[in-house]
Amino acid sequence: MKVVYTDVLVIGGGLAGLRMAIAAKRRGHDAIILSLVPPKRSHSKAAQGGMQASLGNVIKGQGDNEDVHFEDTVRGSDWGADQAVVRMFVNTAPKAVRELAAWGVPWSRVRRGDRTVIINGQKVTITERDEAHGTVAQRDFGGTKKWRTCYVSDGTGHAMLQAVGDQAIGSGIPVHERAEALALIHDGGRCYGAVVRDLIDGELTAYVAKATAIATGGAGRLYRVTTNAVICEGIGHALALESGAAALGNMEAVQFHPTGIFPAGILVTEGCRGDGGLLKDADGHRFMPDYEPEKKELASRDVVSRRMEEHIRKGKGVKSRFGDHIWLDITLLGEKHIKTNLREVFEICHYFLGVDPTKDLVAVRPAQHYTMGGVRTKPNGESPTLKGLFAAGEAACWDMHGFNRLGGNSVAETVVAGMIVGEFIADFCDDPANEFDLPTGLVREFVGREQAKLDALVASRGTEDASALKARMQEIMTAKVGIFRTGRDLEEAVAELSQLLARSRNIGLRTPSPGANPELVTAYRVQKMLKLALTVAFGALTRTESRGAHFREDFPRRDDAQWLKRTLATWKEGESMPTLNYEALDVAKMELPPGWRGYGAKDYVDHPDTARRQAEVDALKQQYAGDRFALQRALLPYEDLLPARLRGRNERIDEPFTGTGRAA
């Protein structure tokens with residue numbers, strides 16, 4: 001039995017995983033990163049439009065601050081987010097942008113003077129301030145009151161991943177590529193690492209660590225049409241789920257991005273609409289103002305996706321041999337803008353659709369994009385039920401997104417959560433109370449168990465085809481657990497997914513090789529993916545309300561009285577279905593009590609504590625009028641939840657620091 005020892009084991013080599021490892025390493029702890037692919041090929045690289053941080057540099061972002069970003073994020077989440085965690089995030093995001101700038105991210109910058117932008121389909125001239133010249137620029141994104149999204153043309157994720165990856169290399173952090181975690185090693189109360197398979201030779205190795213962190217990204221490949229990379233299969237989620245000890249939070253919360261190119265589903269950034277692009281139907285009519293007259297194309301993503309599908313249902317979609325779609329029109333932005341600020345969009349349209357977006361309309365339709373659910377953690381990123389297990393990024397339910405995330409908050413979360421959770425991982429490793437003596441028998445048991453599963457698959461004479469099971473799962477999830485959901489569809493989905501899970505125990509391989517064998521990899525992954533798909537579908541069936549991206553046509557109202565709570569899913573060994581429990585959100589501690597999001601009708605069921613809490617909030621606003629910092633502390637103290645080095649205020653042009661280092 002081969003065993004590798006380290007202080008910190010990070011499963012996943014994208015932005016969140018890299019940033020956590022860097023934080024731990026800089027505090028003197030050895031870290032090892034496991035990655036399916038070279039880290040600079042991680043799906044983090046696909047982020048296009050930018051990351052949100054309330055810098056307030058551009059004139060259309062003037063007046064932005066943590067309070068505005070906080071409110072946008074909570075409203076965007078449809079009040080499903082942990083508001084203390086949102087506060088931690090919005091306070092740290094500006095620090096993260098500036099750190100990344102110091103690390104070499106070439107952020108697009110503000111230029112003083114007049115410039116022409118497209119707002120509401122019209123050319124408008126705005127004037128940037130002299131004092132903003134050379135600072136990091138922001139663009140408009142959906143669901144925000146201010147222009148807040150910092151960007152590098154439309155290759156933001158690419159630039160960020162290059163810079164953070166170089167920092168990891170400079171810190172001497174080893175990355176074990178083509179290595180896949182199969183199971184967490186634990187005793188039911190403490191995590192000790194993972195059993196890992198080498199994808200090249202098939203050898204199993206036990207990685208034993210004081211702290212283990214999951215940063216494997218999303219689970220988009222549960223669906224047929226997704227913007228996610230082929231490696232985003234939710235395996236990190238499944239590792240936690242199959243432990244039986246850690247819980248997954250809000251797995252029914254799945255976001256669909258409005259503009260996946262049709263039919264491929266490849267993402268074109270929200271920056272297209274943020275920069276002024278329009279959505280049009282088969283008649284060339286711009287239809288979003290008919291549904292959302294205030295925010296139009298820049299309503300929250302869940303809202304825009306539903307409005308697009310509603311419009312298609314009305315027969316207004318553009319017909320094609322692949323099905324109906326909507327047009328995205330960015331021609332009004334001009335060739336120079338597109339080839340400078342949206343150059344990746346230009347190339348995607350050129351190579352995958354054969355169109356020139358400077359002249360032609362782009363065929364788009366909503367595609368699965370983001371998994372709001374993940375490994376449930378405390379604000380410090382640690383599982384509340386499995387000591388020593390941490391998670392960050394899309395694989396985590398930290399929970400700053402609730403039931404819908406805002407564009408630009410995801411790639412921001414990777415580095416912000418990586419900064420914060422990485423510091424807490426280092427604290428965990430520093431604490432003598434977290435030292436352990438691990439019996440080798442426990443390690444041998446987990447390695448032997450996983451080897452036995454692989455041997456059984458290789459030796460199986462089963463009749464089921466793993467790829468066929470996976471394809472059918474993706475069809476079910478797309479058709480029945482999508483943008484619009486009904487009890488009947490979800491019941492059918494749960495029933496058929498359960499059958500597929502049972503059938504997956506009878507998979508046979510045409511190539512029974514234990515080494516580099518893609519068929520074997522598909523076989524053991526699809527069993528995990530089916531459990532995850534069942535968790536999503538069962539959670540959606542059980543939640544009899546609509547909230548954010550979870551929309552039940554048979555229960556179209558948000559019901560705070562019954563459902564202002566977080567879903568927690570666990571899967572005990574030997575069981576055929578997940579166990580669901582719920583974690584109530586405490587309205588009495590909310591800085592922003594539940595209310596109307598700003599979209600559609602004001603049709604929701606209030607929580608019984610909302611009115612009382614709103615009255616308390618209103619009284620505090622009156623008491624602390626003129627001092628937003630004192631008001632915030634009175635409403636929701638959170639700074640003690642942050643690592644000490646990340647506390648403190650953020651400087652802006654309109655909020656300069658005084659000689660004492662405090663914002664004036």
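Across the stretch 52-63, which residue is nearest to HIS337 (Cα to Cα) among those that are open to solvent by less than 40 Å² (accessible area, probe 1.4 Å) and in contact with a Phe, Trp or Tyr (Cβ under 8 Å, 6 or more places away or on another chain)? Residue satisfying both the conditions and the ranking: VAL58. Just one residue in the set PHE436, PHE428 is more than 30 Å from the chain's Cα centre (by Cα) and among the aromatic types (Phe, Trp, Tyr); that residue is PHE436. For ALA588, the criteria (1) open to solvent by 50 Å² or more (accessible area, probe 1.4 Å); (2) farther than 19 Å from VAL74 by Cβ hold in every case but one, which is (2).
May I ask you to say which residue of LYS339, LYS378 is under 23 Å from VAL124 (Cα atoms) and either open to solvent by 20 Å² or more (accessible area, probe 1.4 Å) or modelled with pLDDT of 95 or more (or both)? Exactly one of LYS339, LYS378 is under 23 Å from VAL124 (Cα atoms) and either open to solvent by 20 Å² or more (accessible area, probe 1.4 Å) or modelled with pLDDT of 95 or more (or both), namely LYS339. For HIS325, the criteria (1) open to solvent by 40 Å² or more (accessible area, probe 1.4 Å); (2) more than 24 Å from TYR151 (Cα to Cα) hold in every case but one, which is (1). Being within 17 Å of the chain's Cα centre (by Cα) and either in a strand (DSSP E or B) or crowded, with 24+ Cβ neighbours inside 10 Å (or both) is a description that applies to SER44. Among the residues of the stretch 610-624, are any open to solvent by 20 Å² or more (accessible area, probe 1.4 Å), touching a strand residue (DSSP E or B) at 6+ places or on another chain (Cβ under 6 Å) and among the acidic types (Asp, Glu)? No, the stretch 610-624 has no match at all.
For the stretch 374-391, does any single residue satisfy the condition of being over 16 Å from the mean Cα position of the chain (by Cα), of a type in the set (Gly, Ala, Ser) and more than 25 Å from ARG597 (Cβ to Cβ)? So far as the stretch 374-391 goes, yes, one or more of its residues are over 16 Å from the mean Cα position of the chain (by Cα), of a type in the set (Gly, Ala, Ser) and more than 25 Å from ARG597 (Cβ to Cβ).
Do any helices (runs of 4 or more DSSP H) lying entirely in the stretch 295-383 carry at least 3 residues that are out of contact with any strand residue (DSSP E or B) (no Cβ under 7 Å at 6 or more places or on another chain) and more than 30 Å from LEU248 (Cβ to Cβ), and which ones are they?
Once the helices (runs of 4 or more DSSP H) in the stretch 295-383 are filtered for at least 3 residues that are out of contact with any strand residue (DSSP E or B) (no Cβ under 7 Å at 6 or more places or on another chain) and more than 30 Å from LEU248 (Cβ to Cβ), what remains is 335-341, 343-348.
The residues of the stretch 113-122 that are in contact (Cβ under 8 Å) with a residue 40 or more places away in the chain, exposed (fewer than 15 other Cβ atoms within 10 Å of the Cβ) and in a strand (DSSP E or B) amount to a single one, ILE119.
If you check ALA433, ALA456, ALA417 for being open to solvent by less than 10 Å² (accessible area, probe 1.4 Å) and among the hydrophobic types (A, V, I, L, M, F, W, C), only one passes: ALA417. Residues of the stretch 562-585 that are surrounded by 14 or more Cβ atoms within 10 Å (Cβ to Cβ) and either out of contact with any Lys or Arg (no Cβ under 8 Å at 6 or more places or on another chain) or of a type in the set (Asp, Glu) (or both): LEU564, LYS565, ALA569, THR570, MET577, LEU580, GLU583.
Yes or no, residue by residue, for (1) in a loop (DSSP other than H, G, I, E, B); (2) closer than 19 Å to ASN380 by Cα; (3) not aromatic (Phe, Trp, Tyr):
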{"site": "PHE70", "(1), (2), (3)": "no, yes, no"}
{"site": "TRP79", "(1), (2), (3)": "yes, no, no"}
{"site": "MET88", "(1), (2), (3)": "no, yes, yes"}
{"site": "ALA96", "(1), (2), (3)": "no, yes, yes"}
{"site": "LEU100", "(1), (2), (3)": "no, no, yes"}
{"site": "GLY104", "(1), (2), (3)": "yes, no, yes"}
{"site": "TRP107", "(1), (2), (3)": "yes, no, no"}
{"site": "ARG111", "(1), (2), (3)": "yes, no, yes"}
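Of the residues making up the stretch 629-652, not a single one is open to solvent by 60 Å² or more (accessible area, probe 1.4 Å), more than 28 Å from VAL421 (Cα to Cα) and hydrophobic (A, V, I, L, M, F, W, C). Taken over the stretch 124-176, residues that are outside any helix (DSSP H, G or I), touching a residue at least 60 places away in the same chain (Cβ under 8 Å) and either of a type in the set (D, E, K, R) or on the phi > 0 side of the Ramachandran plot (or both) amount to 11.
The values are calculated or read from the model by the stated rules, or taken from the named source; none is laboratory data. This is a predicted model, so every value here is computed, not measured. In this analysis, Cβ positions are derived from the backbone assuming ideal geometry, glycine residues included, and neighbour counts consider all displayed protein chains. Heavy atoms of the whole protein, side chains included, go into the accessibility calculation; ligands, DNA and RNA do not. Shrake-Rupley method; radii C 1.70, N 1.55, O 1.52, S 1.80 Å.
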